[in-house]
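What follows is calculated from the coordinates using simple rules that are stated; it is not laboratory data. A quick note: this is a predicted structure, and the numbers were derived from the prediction, not measured. We place every Cβ from the backbone using ideal geometry, glycine too, and count neighbours over all the protein chains shown.
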Amino acid sequence: MPPLADTDPGVCAPPGKPPEASWHALDAAEVATWLDSPADGLDSAEATARLARFGPNRLTPPKRRPGWMRFAAQFHNLLIYVLLASGTVALLLRHWTDAGVIFGVVLVNALIGYIQEDRAEQALEAIRTLLSPQAVVLRDGHAVTLAAETLVPGDRVFLVSGDRVPADLRLDRTKGLLVQEAALTGESVPSSKSAAAVAADAALGDRGGMAYAGTMVVQGQGTGIVVATGDATEVGRIGHLLASVTTVATPLLVSMARFGRWLTGGILLLALVTILFGMLVYGEPWQDMVLTAVGLAVAAIPEGLPAVMTITMAVGVTRMARRNAIIRHLPAVEMLGSVRTICTDKTGTLTRNELLVTSIVTVDASYRAGGSGYAPEGEIGRGGNGDWRLVDPAGEPLLLDLARAALLCNDATLHRDPGGEWQLAGDPTDGALLALAMKAGLDPAGEATRFPRRDALPFESERQYMATLHHDHAGYGILVVKGAPERVLALCGRERRGAGTAPLDREHWSAVTAELAGQGQRVLALAMRRTSVELPELIAEDPITEDLIVKDLGEEGLELLGLCGLIDPPREEALVAVAACRQAGITVKMITGDHAATAAAIGRRFGLPDGVIGGPELDRLDGAGFAAAAQANSVFARTTPEHKLRLIAALQAAGDTVAMTGDGVNDAPALKRADIGVAMGRNGTEAAKEVAAMVLADDNFASIVHAVEEGRTVYDNLRKTILFMLPTNGAQAVVILLAVLSGSILPITPVQILWVNMVTAVTLGLALAFEAPEPGVMACPPRPRDEPILTGRLVRRMVVVLALLVASSFGFFHFHRLQGDGIEEARTIAVNALVVGEIFFLLSARDLHGRAGLGSALAGSRPVWLSIAVMTLLQLAFTYAPPMQALFGTAPVGVTAWAAMAAVGAALFVLMELEKRLTAAPTPPSPRSDSGNRNGRRPA
């Protein structure tokens, strides 16, 4: 017997694992030998020794930074440094309110970032809760219930329906054991388990002899030998993988960091030029020039920009929530607008995660069944080659017999919930067959009374079929079998044909089976025979003992009724949504744990380009080959968490902004790595939800497309806000700079600048956050990942606006000084000229791309006109209210001056609209559906 091998400290790896094979590839007896696992279980002393040696069966929590360190890290951003500097400047100028607002914005942003980071780290906590708290274990020759934490490699564990598997087990005995492994493999159908060994390179979903920690037993019984505990389990390995994944900075944060660096450098340079020019050219005292430079910095820094950006994204969050997309990480809102590739799970996202019988084939005819989900509602048509006619099942005897067999050989039930929706209790396959029988007009309660069940042989993977024995009122026994076609056909010698039978045409049925499977359908065969011989009762003393009914089925003793083809039907809205993605230049890739044939068939239904590759093939590719496969293929089957991670990283390395959907624990690492992780809200695991940036409340792919549209709108609105705020702030700074360079007095004082900055940010700037999508927003290709937030065309527009605002404010000030007006009145007019110009520029900034038309731009929106009204009232108070005059040094202004300012503002609007129309890019054509227009660029 080989000795037990030591492992790395803190890792509960199985002792003595043979390096040349995996547990699923060894016979159960070999595993027991390797792990020194006696048939009557470990004794207490040995179990205690192993527990001390390998540690408890729980997932080790990762090392986390202290809370204060994570909070402090939220301030490590150049834009935050600029804000802190502007707040300090406001404090030096004794503007307590402004300073309080700025520091308050910084603090709120830091708290939001801290909370979001803390929630993301809770994903690991969610994974750790997947391990079962208790387990039934064979110890000292007796079955005892113990805390699952005390399990050690070599323990023998009992499993029954409803149990959560407490550790990774190599199964040695099973009876009808079905385990729901969707959280690990992504497959919607429970996995059938047996004690048989499989190939060493078998995918996780094909390892029928293994039961993995955290999965659920949905049917049957079994026993298994513990081969891995704690961090060495499959779910533990995923947890470590998740902890090692680093998140990718959002394009907006990258752009804003770059923008912040340029803005900071520009402001410092202007301040230095102001100080040096005043001292060297005009001989001004350095103290006065420093204060002037401080005023210039206050004018140039857009203090309200981060707050307005946060509110803009928050508005997008609210809009998305109305469309079932819940945003958990605020920067994800705008990043949705740059998504170029969506990697989506199949089950529950593109499909309904509900099995539906769509095809029925008998000797006499082929049928199609309609309906949706498990609702026993839908019509049945007969025909072929596209020529189908509705039929009454009561007039189709063979179809009715097949439907009756599907109902009798069935353990599922269907019922309505309080909301009137049909709910399934039992296996999804049984639920689909039961719904078909009810569509055919059969009543489950009535059939159970007519043909009471006497005995049953549950489904097992070794047999691949289920059988039930019934008696009718004439005293005859009816034996019904359903299962894999190849196994059921082996039990059949004849086929039901009309009112009689005929010899079984095996080649015909094999061809029909292959045809249905090629369409991505799961095929089941149904057969029966009538007998007057009483079959023996089941022996239930040992639940693992093989049933005696098996030998009574006999070879070729059944009559084949026909075949049923089942699918997980695609969501109709998802079909439309995938087409919309192609129109928007977004590539959709399906990544699933299903078999390649099934995945390819679903891919074809959604119009995904050809190109299917499986996990084992991906394993054989090197870095360059893997990257090429990631780009070339649309469907990835039999994938593992590592495959998903590598695919996301390869697509990101090619410059794509990637969204990833998922619902299982196996999806969590990829969800964290993706630019946008999208978890399912209804059927998703807590681990997936915690790590995702967005949660779909309805598990619907169409909601992603709606979110992308909102994301593009949010990004456009952010650009509009920046386009509006930077030239207005810059104009104030340039006014001061021109005054210094010309040696004249300041047209606008620092306190007046602070007033304009504060009120325009919370009124005019904020109005752009509520703008509706522009025409053609989903016809544009996704913006490149490295595209700057302000393109050259927008920068040119900003320079033009800045020049016009400076000319207006500076010109009005000196014109009225030449007219002999007082300094207070001239400065008041200069400030109001600047604000009036900003109001007209706001109307122009609403249309970023110049496609809305002059009338639409001039019409404005409700938030725009509300902000203009509020701004007008504030400026009237600024100009005429005595307390405001005393505080800001203003004076009353005549009607003529107002009329002149309005005329200049209108001229600015016309000039900006002419500039947009002359340089506007046309509405882009629809991108190519196969490539997503990967080289296309959004117009600026």
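Summary table
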| item | result |
| --- | --- |
| Relative contact order of the range 315-444, defined on C-alpha pairs under 8 angstrom at six or more residues apart (%) | 20 |
| Listed peptides 161-172, 368-379 by packing density, highest first (mean Cβ within 10 Å) | 161-172, 368-379 |
| Protection-proxy order for peptides 575-588, 666-679, 601-614, 823-836, each taking the mean of Cβ atoms within 10 Å per residue, highest first | 666-679, 823-836, 575-588, 601-614 |
| Karplus (6.51, -1.76, 1.60) ³J(HN,Hα), θ = phi - 60°, over the range 505-516, in Hz, Gly and Pro reported as x | 9, 5, 4, 4, 5, 5, 5, 5, 4, 5, 5, 5 |
| Viscosity 1.002 mPa s, 20 °C: Kirkwood-radius Stokes-Einstein D of the range 329-390 over Cα pairs, µm²/s | 141 |
| Distance between the range 889-909 and the range 659-684 - C-alpha centres, whole angstrom | 55 |
| Entries in Lys482/Lys644; Lys439/Lys482; Lys589/Lys720 that, when Cα-Cα distance is taken, lie over 30 Å | Lys482/Lys644; Lys589/Lys720 |
| Cα-based equivalent ellipsoid of the range 356-564: semi-axis lengths in Å, sorted from largest, via gyration tensor | 25, 22, 17 |
| Loop-located chymotrypsin sites (Phe, Trp or Tyr not before Pro) in the range 420-521 whose Cβ has at most 16 other Cβ within 10 Å (DSSP) | Tyr476 |
| Cα centroid of the range 570-646 to Cα centroid of the range 772-816, whole Å | 40 |
